Amino acid sequence: MAFTTNNPLIQVEDDRTGLSVETLKRALADNLFYLQGKFPGIATKHDCYMALAYTIRDRLLQRWLNTFQTYMACDNRVVCYLSAEYLLGPHLGNNLINLELYEPVKQAVEESGLDLQELIDLEEEPGLGNGGLGRLAACFMDSLATLEIPAIGYGIRYEFGIFDQEIKDGWQVEITDKWLQLGNPWEIARPEASVLIKFGGHTETYADDHGNYRVRWIPGSLVKGVPYDTPILGYKVSTANNLRLWKSEAAESFDFRRFNLGDYYGAVEDKVSSENLTKVLYPNDEQIKGKKLRLAQQYFFVSCSLQDMIRIHLTGNPTLDNFHEHFAVQLNDTHPAIGVAELMRLLVDEYRFDWDRAWQITHATFGYTNHTLLPEALEKWSLSLFGDLLPRHLEIIYEINQRFLDQVRIKYPQDSGHLAQLSIIDEAGEKSVRMAHLATIGSHAVNGVAALHSELVKETILKDFYEIWPEKFSNKTNGVTPRRWMVLSNPRLSQLISEQIGDTWIKDLDQLHQLEPYAADAEFRQKWQSMKRSVKQDLANYIQVQNELLVDPNSLFDVQVKRIHEYKRQHLNVLHVIHLYLQLKNDPTLEIPPRTFIFGGKAAPSYYIAKLIIKLINAVGDVVNHDPAIGDRLKVVFLDDYNVKLGQRVYPAADLSEQISTAGKEASGTGNMKFSLNGALTIGTLDGANIEIREEVGAENFFLFGLTTPEVEQTLAQGYRPWDYYQNNADLKAVIDLINSGFFSHGDTTLFRPLMDSLLGHDPYLLMADFQSYCDCQAQVSKAYQDQDNWSRMAILNVARMGKFSSDRTIREYAKEIWSINPVQVELEDLCPDGRCLLISHTNGAHS
Ligand code: F58
């Protein structure tokens, strides 16, 4: 953006918005001096990163404020995405891509004597999520902005995100993630928009001025929610939506009453306990049952967010009667499901709506996305814990439940079985609140995240609800953003594609179809192979530094990166590694292509078996990698601290993507999409989105194995005996016996027993049943890899046919079928003419 100085002949770019290399260099030096308080001679690399981040943030602010202004002026609906997790990944590189500034910034940074990639790598990623669910929320934010859909992401600003993982002696060790330690240049605190949140206490009834029966909640404590805003810019558009994350603080930072009574330590106690609320992210799969702090976190961010929406709404509307016309609120799993009861409370208790109208508004506002069928992951809160923390909400939930069950009684007279199954209150054992039931009853739309999963939701966990409201249920197959997962992370591939078909695919991923004819073009396949080779070399270099292990970039990179969980079956992969190892030991002349097995992923700290799987992977690696008889033919690598940043290195380099969950267990998977979009072939079961990926890329370009979901159910129902598979399969027996012999554990025959006993005893995820099919399929993979030319043909076809899996497509479906929301174009106008920002009047500050 240019402004004119007093001398009309001189055009000067504003240091804060200008996009030329010269201006960027000046801004960088300026920010280093004035924001970091350093000059080049004494600045650390991190100072330089911060100065660059602020330089880019300035360019974002222009778009962000324009977006606010546009949304305020138009009367459009806004999507509010409520998610307890956002696994964003570093912002800098992504913002450069979306601003189309990568090249000029690279030049400016180089001319300043720095290396852009080095600065990008220095950014601490905000690990505010566990895995797929949190990462999906981040992809959705990118797509919402790119599609110019007015949206606010609401969540929690955890002080400590997902733990950092170190591997010591093959075991996972958890380290606190202090991501905010060196400052976060991408966020802006908005203390002026803070809200108060009540907890505990009791309720009272009273008659209002009109003699109506009302309820008042007298809380036991108050916590303040302070918003921190991060702009999320779309690709090649001026839209920058807001991600608003809440931090908890003490309502009163210092208790003068207690201080004056001489209780010096007690005076800050409240501050400490309030701040604890958003201190740490709960790691996935942890036994969260009974964790009061977790429910408190959920209620905290949901109440903050709903109060924020109400404040915004009331700046432009006299009442909340049309709240649902302005806000579509999407619940990312049940973690924010308490929102249903909270919006009812706000409308009925605080804004004095009658129950029925409040219910209409609430029901029209919410949509609920389910992400899991695993019974242990379905959230339930004991009534006593719930009532202690949220006494008013428990009353509201009882009322919602009663009215709902009255309807059910009419539909199914004299059928108490149905009532018990549908009730929000689970009466079996310790009574509890079933959050999935609350979310389903309180939402006008319920969806799963892949075709199979959405069908299973209707057939299993929400079957009885589906019978009552079939029209409520739909499928929205997940997707991933091609900006981060292709353009940013795999520039070599992206460039090769764009050279052939132009770059419109980045915003319209179906365009990848145009690549299809090139699969038959020998010259293109050659280019493809050399591109892949250099990407693999990059990962090999990383492995050499991180793991002190040399791996051959010509070997087949066979990759499984994701959270470690029994249902994802990393241990099935290990059984196959050992099987290959034994084959090679028994027959050194065996002709199979060299393979590098690459694993990565975190186990929940309290999930013992998952941690033992990590230990097993490393133990097998220790033996295999140092066996001279094996040499370079097999290598096993465990990459520690798998996160978004590492994902960006790994997906591009993979030849084979391991998607081997037990059929029916993985809701969708999104890593499967990232791999295939980067040209890896998939070995997988008919589970989650694998099914749809296979449909798209063609069965002949996908390595399928394993039992189907009905076969899994049937096998279990018939009295599954894993021991029989072990007894009857010599290869399987040899693998298990080798582990049990202590071969991988320095003679310790007990170390891996819990894992092996589980496989031979119950094997709830049917590894024994799928072992042979998996090994046979892997043999086909080996054979296919030997024909490099054909392999690259299949890889090109995979990429060309993956257009469906852009999160842009997913978001378009949500926008049309659930949110009824249209895009709003943001025009970039100079809000700072003459280089001086105009003061925006107070009344316009609604979105701030
Ligand atoms: C994941 N869920 C699904 N949950 O497992 C995966 O199949 C799907 O692709 C993805 O959601 C996106 O839809 C998931 O990541 C969690 O991490 C929960 C966090 C809170 C505790 C329980 C697990």
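Which far-off residues, 5 or more places away or on another chain, put their amide H under 5 Å from the one on Ser382, with H placed in the peptide plane?
Gly290, Val433
I'd like the FRET efficiency for Asp321 and Asp58, computed as 1/(1 + (r/R0)^6) with the beta carbon distance as r and R0 of 45 Å, rounded to 0.05. Present the calculation step by step, with values, prior to reporting the outcome.
On the way: r = 41 Å, r/R0 = 0.90.
In this case the efficiency is close to 0.65.
Could you pull out the pairs from Lys45/Lys247; Lys106/Lys562; Lys476/Lys562; Lys568/Lys733; Lys431/Lys568 whose alpha carbons sit more than 27 Å apart here?
Lys45/Lys247; Lys106/Lys562; Lys431/Lys568
On average, how much accessible surface per residue is there in the stretch 480-603, in Å², for a 1.4 Å probe, leaving out ligands, DNA and RNA?
On the way: 4560 Å² over 124 residues.
Result: 37 Å² of accessible area for each residue.
Taking all protein chains as present, what is the carbon and sulfur share of the accessible area of the chain, in % to the nearest whole number, probe 1.4 Å? Intermediate values should be presented prior to the final figure.
Details: 16810 of 32900 Å².
In the chain, the share of accessible area belonging to carbon and sulfur is 51 percent.
Across all directions of projection, what mean area in square nanometres is found for the Cα convex hull of the stretch 381-519? It would help to have the intermediate numbers written out before the result.
Working: hull surface 51.2 nm².
Approximately 12.8 nm², given one-decimal rounding.
DSSP loop trypsin sites (Lys or Arg not before Pro) in the stretch 142-217 with at most 15 other Cβ atoms within 10 Å of their Cβ, which ones? Walk me through the numbers on the way to the answer.
Working: sites: Arg157, Lys168, Lys178, Lys198, Arg214, Arg216; in loops: Arg157, Lys178.
Qualifying residues, ordered by number: Lys178.
If Trp485, Trp355 are ordered by their accessible area, calculated over protein heavy atoms with a 1.4 Å probe, which sequence runs from highest to lowest?
Working: Trp485 5, Trp355 45 Å².
The ranking, largest first, comes out as Trp355, Trp485.
DSSP beta bridges in the chain, what fraction antiparallel, as a percent rounded to 5?
Numbers: 39 of 85 bridges.
Here the share of antiparallel DSSP bridges comes out near 45 percent.
Compactness ratio of the chain: Cα Rg over 2.2 N^0.38 Å, N = residue count?
Numbers: Rg = 28.0 Å, N = 848, 2.2 N^0.38 = 28.5 Å.
After normalising by residue count via 2.2 N^0.38 Å, the value is 0.98.
Based on the mean of other beta carbon atoms within 10 Å per residue, what is the order of 675-681, 443-449, most packed first?
On the way: 675-681: 27.0, 443-449: 24.0.
Highest-to-lowest ranking by the protection proxy: 675-681, 443-449.
At each listed q (0.19 Å⁻¹), what is the log10 of I(q)/I(0) that the Debye formula gives for the stretch 699-801 modelled as equal alpha-carbon point scatterers?
-0.97
Once label points are set 7 Å from the Cα along Cα→Cβ at both Glu455 and Arg492, what is their separation, rounded to one decimal in nm?
4.0
For Glu467 paired with Trp355, estimate the spin-label separation in nm (one decimal), with each label point 7 Å from Cα along the Cα-to-Cβ line.
Distance between the two pseudo-spin positions: 2.6 nm.
Given contacts defined as C-alpha pairs under 8 Å and at least six residues apart, what's the relative contact order of the chain, whole-number percent? Don't jump to the answer; show the numbers that get you there.
Numbers: 1549 pairs, mean separation 118.1, N = 848.
Dividing the mean separation by the residue count of the chain yields 14 percent.
Work through the residues other than Ala358 whose Cβ is under 11 Å from its Cβ and net out their charges, Lys, Arg +1 and Asp, Glu -1.
Details: positive: Arg345, Arg352, Arg357; negative: Asp321, Asp349, Glu350, Asp354, Asp356, Glu399.
Taking every other residue near Ala358 into account, the sum is -3.
Could you tell me the distance between the Cα centroids of the stretch 385-407 and the stretch 25-91, to the nearest Å?
After rounding, the separation between the Cα centres reads 43 Å.
Compute the relative contact order of the stretch 27-66 as a whole-number percentage, counting only Cα pairs closer than 8 Å that sit 6 or more residues apart in sequence.
Working: 26 pairs, mean separation 16.3, N = 40.
That works out to 41 percent.
Describe numerically, in nm with one decimal, the distance between label points set 7 Å from Cα along Cα→Cβ at Ile218 and at Asn822.
5.1
For the stretch 34-150, what is the accessible area per residue in Å² when the probe is 1.4 Å?
Working: 3650 Å² over 117 residues.
For the stretch 34-150, the solvent-accessible area averages 31 Å² per residue.
Give the longest segment of the chain that steers clear of GluC sites (Glu not before Pro) in DSSP loops with at most 14 neighbouring Cβ atoms within 10 Å, not counting the sites themselves.
Details: sites that count: Glu100, Glu252, Glu286, Glu427, Glu430, Glu548, Glu591, Glu827, Glu829.
The answer is 592-826.
Counting only Cα atoms, I'd like the Rg/Rh figure for the stretch 638-708, Kirkwood definition for Rh. It would help to have the intermediate numbers written out before the result.
Working: Rg = 12.0 Å, Rh = 12.4 Å.
With Rh from the inverse mean 1/r over Cα pairs, Rg/Rh is 0.97.
The values are calculated or read from the model by the stated rules, or taken from the named source; none is laboratory data. Please read all numbers here as calculations on a predicted model, not as lab measurements. Methodologically, a virtual Cβ is constructed for each residue, glycine included, from the backbone with ideal geometry; neighbour enumeration extends over all protein chains shown. Areas reflect the complete protein model, heavy atoms only, side chains present, ligands, DNA and RNA absent. Shrake-Rupley method; radii C 1.70, N 1.55, O 1.52, S 1.80 Å.
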